[in-house]
Ligand code: T3D
């Protein structure tokens, strides 16, 4: 069975990390499968992406039994994790981390690189890196810092404390916590809702928020003006305004 499964239901593409016995820890096949899934997600017909895990894990980070196989750790990170993290940010459509279970190390970084995190109530979040004497990588410091703020991010990532899904929700790390039995249905519903939205506007909103982290106000105002001109020329904008005037729900096509 493939170590990453990619399926499509309507305009939603789901990428499932599939090494349940290892809590979906990263190995070469997982990196490659994720990369292929993210490549397929560039298809304009795909309007929302879900990344999740098989079994009781979302992802436990780097497979520690294969760690020693990389003679140059920095080069390994650049060749494997980095392209996938960058591909998630480059996708101009929403990417949901459906955190079904244990989320640790580079698995935590992966979840935090996504646009939205929905957690099952059976999930928990663990820094992982510090537990084995490493620094957070694959975007861990970048995203956790932005999500939690520097003081909380440092305190947590240097403690290896297990955060329950409820705590992750209270901290703003997860936007929603769902009972395990209802999790899959809720993820399906939410992803379908996003996929029915004005995808280009949502994608450009993602770009704007990414840009806002480092831009000056002047730069951000300018990018907003540029992207609003693109949005205002889209079919979805015409449809949105027509639907408003005709007092009916908009039928966005992502165009
Ligand atoms: O060069 C580079 O690649 C550097 C990149 C580094 C990136 C990183 O991600 S570093 C951090 C790596 N991850 C970790 O250190 C986490 C290790 N795992 C754990 O601490 C615990 O397993 C968890 C807290 C995630 C979950 O605990 P628990 O009690 O729910 O499950 P468990 O019993 O520990 O694990 C279940 C099985 O999964 C177990 O196998 P077994 O005994 O049933 O055959 C365990 O060995 C396996 N497993 C869990 N995590 C990993 C793993 N196998 C390989 N690699 C793992 N990371």
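No lab work stands behind these numbers, since they all come straight from the coordinates. Remember, it's a predicted structure, so these values are computed and weren't measured experimentally. Cβ atoms come from the backbone with ideal geometry, glycine included; neighbour counts cover every protein chain shown.
Going by the alpha-carbon gyration tensor, a ≥ b ≥ c the square roots of its eigenvalues, is the stretch 58-122 rounded (a/c under 1.5) or, if a/c is not under 1.5, prolate (a/b greater than b/c) versus oblate? It comes out oblate by the Cα gyration axes. The alpha carbon centroids of the stretch 154-214 and the stretch 24-54 are separated by 17 Å. Largest mean-square fluctuation among 127, 71, 94, in a Gaussian network model of the chain whose springs join Cα atoms under 10 Å apart, belongs to 71. Report the normalised scattering of the chain as log10 I(q)/I(0) at q = 0.07, 0.12, 0.13, 0.18 Å⁻¹, calculated by the Debye formula with identical scatterers on the alpha carbons. For the chain at q = 0.07, 0.12, 0.13, 0.18 Å⁻¹, log10 I(q)/I(0) is -0.25, -0.72, -0.84, -1.45. Which of these, 52, 188, 214, has the largest mean-square fluctuation under a Gaussian network model of the chain (Cα springs below 10 Å)? Looking only at 52, 188, 214, the biggest GNM fluctuation is shown by 214. Its convex hull of Cα atoms gives the stretch 13-145 a direction-averaged projected area, equal to a quarter of the hull surface, of 7.4 nm².
GNM on the chain, alpha-carbon springs under 10 angstrom: the most fluctuating residue among 129, 237, 209 is 209. Over the chain, DSSP H runs of length four or greater, each weighted -39,500 (n - 2.57), average out per residue to a 222 nm ellipticity of -14000 deg cm²/dmol.
Classify the stretch 46-94 from the C-alpha gyration tensor, please: rounded if a/c falls under 1.5, else prolate or oblate depending on whether a/b exceeds b/c. Oblate shape, in that a/c is at least 1.5 and b/c is the bigger or equal ratio. Extension gain for the segment residue 243 to residue 208, taken as residue separation times 0.36 nm less the Cα-Cα distance, is 10.0 nm to one decimal. Return the percentage of antiparallel bridges among DSSP beta bridges fully within the chain, rounded to the nearest 5 %. That works out to approximately 25 percent antiparallel. By the beta-carbon count within 10 Å of each Cβ, the least crowded to most crowded order of 154, 183, fewest first, is 154, 183.
The ranking of 156, 171 from fewest to most other beta carbons within 10 Å of each one's beta carbon is 171, 156. The angle between the Cα long axis of helix 180-195 and the longest principal axis of the Cα atoms of the chain comes to about 40 degrees, rounded to the nearest 10. Rounded, prolate or oblate: which one fits the stretch 136-229, using the alpha carbon gyration tensor with axes a ≥ b ≥ c (rounded when a/c is under 1.5, else prolate when a/b beats b/c, else oblate)? It is oblate, given that a/c is not under 1.5 and a/b is not larger than b/c. Diffusion of the stretch 199-246 by Stokes-Einstein, at 10 °C in a medium of 1.306 mPa s and with Rh set to the Kirkwood radius over alpha-carbon pairs, works out to 137 µm²/s.
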